[in-house]
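Participant: One structure is given below, represented as structure tokens, and several questions about it will come after.
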Amino acid sequence: ILSLKDINFSNEIEETGTTFFENALIKAETIHNYLKEIGLDADVISDDSGLCCLGINLEPGIYSARYAGEHGNAKLNRDKLIKNLEDRVKEAYFICTIVLYHIDGTYEYKEGKTFGKIINEEIGDTSFGYDCIFLSDDLGKTFGEATSEEKNKVSHRYRALVELKDLINK
């Protein structure tokens, strides 16, 4: 398994899709084409993920990292989300769509979800995304309060990877 760093890929990939699947596929195809250019034949695994809130038409969705307008400003994103969810349904889920892009250009994909609700106060570690306001149904606490091990056992990425593993092993 090689990372983007291992293959010296540092280009920004523009996510122009309208779904998590489309963005994951764009990333996979971009890396696939780069590998062809440098003469390396390998399958590519890529993903796209985000938070979907039922009370606001699945926002922030594919815009999760830039929901408040500034890419990666977790605090602004959380504040906007809490404000937009006032007096609305708080149920939400994280979703991860993962694509396995084969050397021949064919691909397969799987999804993983983890469910919970958005709370109005930040609890736990505030350094990563929406974790401190996402109360996990599985854990009974926010992802911000969970250890990495706890979160990784129920996360959307873990569940998508399990599905992908099953696909690879068939």
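Participant: If I filter segment 93-113 for residues that are open to solvent by less than 40 Å² (accessible area, probe 1.4 Å) and farther than 20 Å from residue 17 by Cβ, do I get at least one hit?
Facilitator: no
Participant: Here is a check on your reading of the model: is residue 123 within 30 Å of residue 33 (Cα to Cα), touching a helix residue (DSSP H, G or I) at 6+ places or on another chain (Cβ under 8 Å) and of a type in the set (A, V, I, L, M)? If you could, list the steps in order and put the result at the bottom.
Facilitator: Working: within 30 Å of residue 33 (Cα to Cα): no; touching a helix residue (DSSP H, G or I) at 6+ places or on another chain (Cβ under 8 Å): yes; of a type in the set (A, V, I, L, M): yes.
Criteria not met by residue 123.
Participant: In addition: So, in segment 39-49, exactly how many residues are at pLDDT 95 or above and open to solvent by 90 Å² or more (accessible area, probe 1.4 Å)?
Facilitator: 1
Participant: Within segment 2-38, how many residues turn out to be open to solvent by 50 Å² or more (accessible area, probe 1.4 Å), of a type in the set (Lys, Arg) and assigned to a helix (DSSP H, G or I)?
Facilitator: 1
Participant: Then there is this: Which residues, taken from segment 50-67, are buried (at least 18 other Cβ atoms within 10 Å of the Cβ) and assigned to a loop (DSSP other than H, G, I, E, B)?
Facilitator: 67
Participant: May I pose another question? Just checking, does segment 74-89 include any residue being surrounded by 20 or more Cβ atoms within 10 Å (Cβ to Cβ) and in a strand (DSSP E or B)?
Facilitator: No, segment 74-89 contains no residue that is surrounded by 20 or more Cβ atoms within 10 Å (Cβ to Cβ) and in a strand (DSSP E or B).
Participant: For segment 142-160, how many residues are surrounded by fewer than 17 Cβ atoms within 10 Å (Cβ to Cβ) and part of a helix (DSSP H, G or I)?
Facilitator: The qualifying residues number 6.
Participant: Tell me which residues, restricted to segment 32-62, are over 18 Å from the mean Cα position of the chain (by Cα) and either charged (D, E, K, R) or over 20 Å from residue 119 (Cα atoms) (or both).
Facilitator: 32, 33, 34, 35, 36, 37, 38, 39, 40, 41, 42, 43
Participant: Please state which of the following conditions residue 44 fails to meet, knowing it meets all the rest: (1) farther than 24 Å from residue 110 by Cα; (2) in contact (Cβ under 8 Å) with a residue 12 or more places away in the chain.
Facilitator: Answer for residue 44: the failing condition is (1).
Participant: Then there is this: Would you please list the contacts, defined by Cβ atoms under 8 Å and residues six or more apart or on different chains, that run from a residue in segment 100-128 that is under 18 Å from residue 40 (Cβ atoms) to a residue that is in a loop (DSSP other than H, G, I, E, B) and not hydrophobic (A, V, I, L, M, F, W, C)?
Facilitator: Close Cβ pairs (under 8 Å, with a partner that is in a loop (DSSP other than H, G, I, E, B) and not hydrophobic (A, V, I, L, M, F, W, C)) amount to 100/43; 101/43; 102/43; 103/41; 103/43.
The values are calculated or read from the model by the stated rules, or taken from the named source; none is laboratory data. Note that this is a predicted model, so its numbers are computed, not measured. Quick reminder, even Gly has a Cβ in these numbers, built from the backbone with ideal geometry, and neighbours come from all protein chains shown. Accessible surface areas use protein heavy atoms only, side chains included; no ligands, DNA or RNA. Shrake-Rupley method; radii C 1.70, N 1.55, O 1.52, S 1.80 Å.
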